[in-house]
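Notes follow once the structure below has been shown.
The values are calculated or read from the model by the stated rules, or taken from the named source; none is laboratory data. Everything quoted here is computed from the prediction, not taken from an experiment. All Cβ positions, even for glycine, are placed from backbone atoms using ideal geometry, and neighbour counts span all protein chains on display. Heads up: the accessible areas ignore ligands, DNA and RNA and are worked out on the full protein's heavy atoms, side chains in. Shrake-Rupley method; radii C 1.70, N 1.55, O 1.52, S 1.80 Å.
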Amino acid sequence: MHLSRRALLAAATATASLGATPAAAADHPSTGFERLAADGYALLSGQRVGVVTNPTGITRDASHIVDVMHTDPRVKLTAVFGPEHGFRGTAQAGGSEGRYDDPATGLPVYDTYLKSGRPLADIFTASGVDTIVFDIQDVGARFYTYIWTLYDCMEAAQLAGKRFVVLDRPNPVTGRSAQGPVLHKEFATFVGRQPVAQAHGMTVAELARLFNGEFLSAPVPLETVLMTGWKRTRFYDASGLPWVPPSPNMPTADTALVYSGTCMFEGTNLSEGRGTTRPFELLGAEGVDGRWAAAVNELGLPGVRFREAYFTPTFSKFQGKTVGGVQIHVRDRAAYDPVRTGIALLVTARKVWDGFAWRSDNWIDKLTGSTRVRTMIDAGAGTDEVVAGWQEELAAFRSVRKEYLLYK
C-alpha cells in the first residue's frame, strides 16, 4: 500500500495520542518508551522488532529498554542495531562495536556506524525484522551523529520495505528555538547530512518527521510515540530521567548545553577539552594565557562568564601537556546562546593567540556547514558580523521547522 507523504505525516501526528498515560512522576514527562510499554507494546504486536539504540535507551529506573523488552513476552525482539560508540557504549569517538551477539540477551547486534543507503538496507533485510524502533538520546546539535544515524536508518528502512517507529525523548537543551548556521548541501557528511541549523531545537521524533517530509527521496512508513508532559522550555534536569552519557565525551547535561558552540573547536588546533573531566567546557592550547578569558569576558555575552584555566589532557590534542585557555561557566542557561558564544570564542582566540590555526582539512567547514564562518573570521569579522551572515538561511529553516513541531 502506497501512502503519500502528506498521509504519512498525518499518521505520525495521530500516533501522538497512542496510549495516553499520566506522567511517570509529578511534572515529569513520560518518554516514548514509557508510553509504548504502558500500552502493552500494541504498536509492535505481531512484528519482529529490531531496535536502534545505545546506552541512553533506558527506563526511569536506569534499566536498558532492550533488556526490558527481551524479557517481555508481548514483544518479539529479534535484533539490535548499534550506532557510533556501540550498543553497549564500549567504543570511543569514531569507533563502533562491530557485529556480535549480546552476552546479556543473546540477541544479534548489527553495526550501523558509517553505513547508509543500500548497504544498511541489506543489513536490515538480513536481520529479518519487520519493524525498526529508534530510541537514542540526542543532545540538540546538528553535528552530533545520532540524528544522522536516525536519518540513515529511515532511508535504509524505506529501501528495505521496513516500518519505522521513533520513541521520543527530551531535547536536553530545550526546544525553544533553532540557532546557528544551516548546512549547505555541498558540505554534507556524517556530521550533517541535510540543511539543518547547528542547534536545531527539536526532538528526535520532530526531526524524524522533518526528514520524512523534507529530505528523504521517498518517505518511510513512520510512526512516532511522543512524550506526554514535556514542554519546549524545559532543560534535561526537569525530565526526572537519569543522565547517561550518549558518548564518552558527553559526560553531563552541562556538556550538552555548550556543545553546539564549542564543538567548533574540533576544527581548530586548540583542544576542545577531550581528555579532561569537562570536555567542551574547557578549551585551550600551549601558549594561551589569561588574555583570552579577559577578551571574551569584555564582550558581555549573556548568561556566561569565562575563567582563565590550565589543564592537561589525558588523550587527544596536547595529550600529557599543560595548556592554557578558558573554562566556560554558564550562569543563566535560559539567556545563554551556545552558537554565538562559540563564535565569540573563535574570534577572540584568533585575536589574542598568534598560534591559532584551523585544522588543515578545513573540518570547521563541515561542522558549520559552509566556508562562511572560517573565511569571515580569517577576514577579521567580529562576532556580530559572523552571526549576521547566517540569519537569512536560519529564518528559512525556522519556517520549515515550525511545521514539524509537536510540543508547546
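Of all residues in segment 40-62, those that are at positive phi have Cβ atoms under 9 Å from Cβ atoms of residues that are at pLDDT below 95, 6 or more apart or on another chain, in Gly40/Gly19. Restricted to segment 88-98, and to residues that are at positive phi and out of contact with any strand residue (DSSP E or B) (no Cβ under 7 Å at 6 or more places or on another chain), which residue is surrounded by the most Cβ atoms within 10 Å (Cβ to Cβ)? It comes out as Gly89.
This table checks each residue for (1) within 19 Å of Gly94 (Cβ to Cβ); (2) touching a strand residue (DSSP E or B) at 6+ places or on another chain (Cβ under 7 Å).
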position	(1), (2)
Glu281	no, yes
Gly284	no, yes
Ala293	no, yes
Leu301	no, no
Phe318	yes, yes
Val323	no, yes
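Out of segment 164-181, which residues are among the aliphatic types (A, V, I, L, M), open to solvent by less than 10 Å² (accessible area, probe 1.4 Å) and either out of contact with any strand residue (DSSP E or B) (no Cβ under 9 Å at 6 or more places or on another chain) or under 16 Å from Gly342 (Cβ atoms) (or both)? Hit for segment 164-181 is Ala178, nothing else. Just to be sure I understand, how many residues within segment 101-120 are more than 22 Å from the chain's Cα centre (by Cα) and outside any strand (DSSP E or B)? Qualifying residue count for the region: 8. Quick test for you: out of Asp130, Asp101, pick the one residue that is under 11 Å from Gly50 (Cα atoms) and open to solvent by 40 Å² or more (accessible area, probe 1.4 Å). Just a single option satisfies the conditions, and that option is Asp130. The combined condition, being over 23 Å from Pro279 (Cβ atoms), of a type outside the set (Val, Ile, Thr) and open to solvent by less than 50 Å² (accessible area, probe 1.4 Å), is not fulfilled by Leu346.
Of the helices (runs of 4 or more DSSP H) that lie entirely inside segment 279-381, those containing 2 or more residues that are in contact (Cβ under 8 Å) with a residue 60 or more places away in the chain and under 28 Å from the mean Cα position of the chain (by Cα) span 338-352, 363-368, 372-378. Restricting the first member to segment 140-152 and to residues that are open to solvent by 10 Å² or more (accessible area, probe 1.4 Å), and the second to residues that are at pLDDT 95 or above and assigned to a helix (DSSP H, G or I), the beta-carbon pairs closer than 6 Å and six or more apart or on different chains are Tyr151/Phe211. Looking only at residues that are hydrophobic (A, V, I, L, M, F, W, C), assigned to a loop (DSSP other than H, G, I, E, B) and loosely packed, with under 15 Cβ neighbours inside 10 Å in segment 14-37, which one is modelled with the lowest pLDDT? My answer is Ala20. If the condition is being in contact with an Asp or Glu (Cβ under 9 Å, 6 or more places away or on another chain) and either open to solvent by less than 20 Å² (accessible area, probe 1.4 Å) or part of a loop (DSSP other than H, G, I, E, B) (or both), then segment 263-278 contributes Cys263, Met264, Phe265, Gly267, Glu272, Gly273, Arg274, Arg278. Taking the criterion of being out of contact with any strand residue (DSSP E or B) (no Cβ under 6 Å at 6 or more places or on another chain), open to solvent by less than 10 Å² (accessible area, probe 1.4 Å) and either part of a strand (DSSP E or B) or closer than 17 Å to Pro245 by Cα (or both), the residues of segment 38-64 that qualify are Asn54, Thr56. In the set (1) of a type in the set (Ser, Thr, Tyr); (2) surrounded by fewer than 17 Cβ atoms within 10 Å (Cβ to Cβ); (3) in contact (Cβ under 8 Å) with a residue 60 or more places away in the chain, the condition left unmet by Thr71 is number (3).
This table checks each residue for (1) aromatic (Phe, Trp, Tyr); (2) more than 30 Å from Gly275 (Cα to Cα).
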residue: Met202; (1), (2): no, no
residue: Phe211; (1), (2): yes, yes
residue: Phe215; (1), (2): yes, yes
residue: Ala218; (1), (2): no, yes
residue: Trp230; (1), (2): yes, yes
residue: Asp237; (1), (2): no, no
residue: Gly240; (1), (2): no, no
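Applying the condition of being surrounded by fewer than 18 Cβ atoms within 10 Å (Cβ to Cβ) and of a type in the set (A, V, I, L, M, F, W, C) to segment 236-252 and asking which residue is nearest to the chain's Cα centre (by Cα) yields Val244. Quick check on segment 222-231. Is at least one of its residues surrounded by fewer than 16 Cβ atoms within 10 Å (Cβ to Cβ) and in a strand (DSSP E or B)? Checked segment 222-231: no residue is surrounded by fewer than 16 Cβ atoms within 10 Å (Cβ to Cβ) and in a strand (DSSP E or B). Which of the residues that make up segment 90-100 are assigned to a loop (DSSP other than H, G, I, E, B) and without any contact (Cβ under 8 Å) to a residue 40 or more places away in the chain? If the condition is that a residue be assigned to a loop (DSSP other than H, G, I, E, B) and without any contact (Cβ under 8 Å) to a residue 40 or more places away in the chain, then Thr90, Ala91, Gly94, Gly95, Ser96, Glu97, Gly98, Arg99 are the ones that fit.
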